[in-house]
Structures are given as structure tokens and as C-alpha cells.
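Engineer: Take this structure, written in C-alpha cells, and hold onto it; I'll ask about it next.
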Amino acid sequence: MKRVFAALALLALLAGSAFALSDADYKKMMKDKDFARADKALTQAWNKAKKSFPATKAGKAAYQLLLEDQREWIRNGRDANAQDLIGMEGYSKVEAYAEVTRERAKYLPELVKEYLKEAEPKKEDSRKPAPKKPEPKPEPKKPTPKKETPKPKASEEEFLTESARREAAGDWQDTYPDTGICVGDSVRLRENPDTESEIVGRLNKGDWIITLEETSVDGQKWYEVDHPTQEGTAWVSARYIETYKGYEIGTPAYNMSIQIMMTFGLRAEKARALLGDPDRELEDRGDKKILEYGDCRIVYVEGRLQSVEVFERGLAFGSLKVGDAESKLTKALGDPAEKARGDWRYEIDPNGRLTFTVDNGKIVHMSWEEVTD
């Protein structure tokens, strides 16, 4: 990346957003090993910080102040600090953002201590108002020596480190529906969030599910999930579910992807429960199953939804159907990541893609697929 001189940095500072870190910038930077490490360190520091606050009114108020502080750093402080390093120290953009991210991770525990002091109960008066936001200490600006590092392709695990940044920025919080994976064996699905409630199914280790909501009963967290094999929902203890937290959560394309999974079913059994028996069913090598209906084709690999195609007006991808105007597509999902021969492609996550074929200003074909190597 080209060096940016001090004069250009000052102009960018006056312009306001010229150096702002966009989602596209972030994804590119995650391919840099040094930045990925710094981002991971900040994620770990943030996750630890969230667990530091007591479950009291004062503790929750103090956490909200920390959240506001982190949001302000992401909106303004991070870019300003990075611009200083670019303009005054000759750092490249990725080097500058790696440095300020690393320093923020180091500084965050000190900031947590300040807010925790405010959350401590006062014996002389338990009815004091919520804590006031303390004056933050200035962050250290001492740059570390620049190092040349290899830049491997970012893995899916590295992309997941964006979760803390997204949550702190308020881009998504408590977003449902979402996806999760079972980490236990023969885990019971229950009719209600209660260990005495009727068992309505089971999950095995590695099974994917869609989480719809969460609740806490007697101190135990439960997820309401889309039932994997029949119509309706069920409840499962959160201790056996690991929810997905990726950089794209809450984006229109990701939300549509979840709606597609719920419409067509993560498993073939769910598809039959929702859509009835297919017009034709094909199997390939035993691990691939294809269900063909009048207006769509659904493919499952090793029991899990792999791809969906819709080629007639009928079933929808969220709010979109075959025959809708391309203006409706743009309104729902924005501009595509790629356009090629009438195909509008939207990236969902490192392994997912939505494609809409547009002809004469209308959608004529829709597909969703999980991309595998």
C-alpha cells in the first residue's frame, strides 16, 4: 500500500470520512497477519470486558457507558489515531490500523477498571443514580516498530473476530434469527424452556440450527430454535449451542440467507414438512440428496442444506420473488458485489453466496448456495 504524506493526511482529516474504515476495508485488512492478530486481541479483550460487570442495575449502567465509549472510539478515535500514524510516522493504512487496534486492546482493561469503580455498591446510600461516565485516560500513542509480515488468505476463524467490533459499534446486538451449531451429543429439544418439558426431538454434535430467540429460566439460558425436522419451534439449552458471530451478521444479505434456510429447511425432513413431498427426489453417492418441486430445486449434502434454486414465480427469497423488478432487488440488498452477464452476486460470508439473474429489468432466476472448496 502506498505511503501517505502528512499533507494528504491533514486533508483527509478535514474531509472527515476519507480514511474511515469500511467493511470492505476491514475484510481486506483481515488478510494481513499483523492486523488479524491485533483484531483478535481486541476481540478477546472486549469479550473479557463484557463479563466483568456485575448483573446489577449499576453494573448494567456502567457497561452501557463502556459500550458508548467503544462506539465513540470506532466512529472517531480509531480513524483519528490511524491518520496520525499515517501522516506523521509514515505508516501504511493497514499498519496504522493494526497499531491503533493493538493499543486499544491493551488500554481496554484499564478503561474497564474505571467503570467498575463506578459500579461498586455504596453502603451509605444504595439508591444513588446510575454512574457517571468517568473521564477516560489518554491512550498511549507510542508506535511500535513496523515489521514486514506475510499476508496469508484470511480464514473463516479470522473473519469471526469482527463480532466484537460489530457489537460495540451497535451494528447488531441480539440479532435473531441467527444460526448455531450443536456441540453436544443427543441433545434434547423440548416443547418449552424447562428441563421437565416434553422432549420433541434431539440434536447431534455438528447439527446446524436456526436460533429465533433466547430466554433465561432459573439462571439457565435457553434458545428457541426452528425445529429441524418438523413444522414449528422447540427449545434447547444454550450450553449445547454455539452461535455464529460473523462480520456480516445483520446485513440484508445475511438476513435473507436465514430466511431462505427457514423457508426451504436446513434438512430434507424439514423441507418435506414445509413443502410436502417433492415431485422428484434424487440421490447421488448416498451423501447428496436433491428435492425437485415445481418452482424450485433444493440440494442437501451430508444432511445439510447446500443450495436452493427458484426459477418460477412462487416461493420467495425473503421479500423477493421471480418476476420482481430489479429496483426491488436493489432496495432489498443494495448494490451487488459483482455483476456478470446479468447475474447479480451478493457475498453472505466467507462461504455463502446469493445470485439473482436479471433480464429486461426483472428477476428471472434466484439461487442461494454454500460454497465449498
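The values are calculated or read from the model by the stated rules, or taken from the named source; none is laboratory data. All values derive from a computational prediction rather than experimental measurement. Don't worry about glycine lacking a Cβ; one is built from the backbone with ideal geometry, like all the others, and counts go over all protein chains shown. For the accessible areas, the whole protein counts, side chains as well, though only heavy atoms, and no ligand, DNA or RNA atoms are used. Shrake-Rupley method; radii C 1.70, N 1.55, O 1.52, S 1.80 Å.
Engineer: Can you name the number of the only condition in (1) closer than 30 Å to Arg272 by Cβ; (2) exposed (fewer than 13 other Cβ atoms within 10 Å of the Cβ); (3) in contact with a helix residue (DSSP H, G or I) (Cβ under 6 Å, 6 or more places away or on another chain) that Gly361 fails?
Structural biologist: Only one criterion is unmet by Gly361, namely (1).
Engineer: Can you tell me which condition Thr211 does not meet? The list is (1) of a type in the set (S, T, N, Q); (2) part of a strand (DSSP E or B); (3) open to solvent by 10 Å² or more (accessible area, probe 1.4 Å), and all the others hold.
Structural biologist: For Thr211, the exception is condition (3).
Engineer: Residue by residue through the stretch 11-43, note down the ones that are open to solvent by 20 Å² or more (accessible area, probe 1.4 Å) and either modelled with pLDDT of 80 or more or of a type in the set (Val, Ile, Thr) (or both).
Structural biologist: Lys33, Asp34, Arg37, Lys40, Ala41
Engineer: So, of the residues in the stretch 311-352 that are touching a helix residue (DSSP H, G or I) at 6+ places or on another chain (Cβ under 9 Å) and in a strand (DSSP E or B), which turns out to be farthest from Ile258 (Cα to Cα)?
Structural biologist: Going through the qualifying residues, I end up with Trp344.
Engineer: Identify the single condition in (1) outside any helix (DSSP H, G or I); (2) open to solvent by 60 Å² or more (accessible area, probe 1.4 Å); (3) touching a residue at least 12 places away in the same chain (Cβ under 8 Å); (4) under 27 Å from Tyr176 (Cβ atoms) that Arg297 does not satisfy, given that it satisfies every other one.
Structural biologist: Here Arg297 clears every test but (4).
Engineer: Is it true that Gly303 is at pLDDT 90 or above and at positive phi?
Structural biologist: no
Engineer: Mind telling me which of the residues Val217, Val183, Val200 ends up being at pLDDT 80 or above, more than 23 Å from the chain's Cα centre (by Cα) and closer than 30 Å to Val301 by Cα?
Structural biologist: One residue alone meets the criteria, Val200.
Engineer: For Glu370, which of the numbered conditions (1) open to solvent by less than 30 Å² (accessible area, probe 1.4 Å); (2) under 20 Å from Pro228 (Cβ atoms) fails to hold?
Structural biologist: Of (1) open to solvent by less than 30 Å² (accessible area, probe 1.4 Å); (2) under 20 Å from Pro228 (Cβ atoms), only one is false for Glu370: (1).
Engineer: I need every pair where a residue in the stretch 226-241 that is β-branched (Val, Ile, Thr) has its Cβ under 9 Å from the Cβ of a residue that is part of a loop (DSSP other than H, G, I, E, B), sequence separation at least 6 or different chains.
Structural biologist: Thr229/Gly265; Thr229/Arg267; Thr233/His227; Val236/Pro193; Ile241/Val183; Ile241/Gly184
Engineer: Further question on the same structure: With (1) farther than 23 Å from Glu224 by Cα; (2) surrounded by 20 or more Cβ atoms within 10 Å (Cβ to Cβ); (3) not basic (Lys, Arg) as the list, and Pro336 as the residue in question, which single condition is left unmet?
Structural biologist: (2)
Engineer: Further, regarding this structure: Would you be able to say whether some residue in the stretch 160-175 is among the aromatic types (Phe, Trp, Tyr) and either modelled with pLDDT of 90 or more or farther than 30 Å from Val100 by Cα (or both)?
Structural biologist: no
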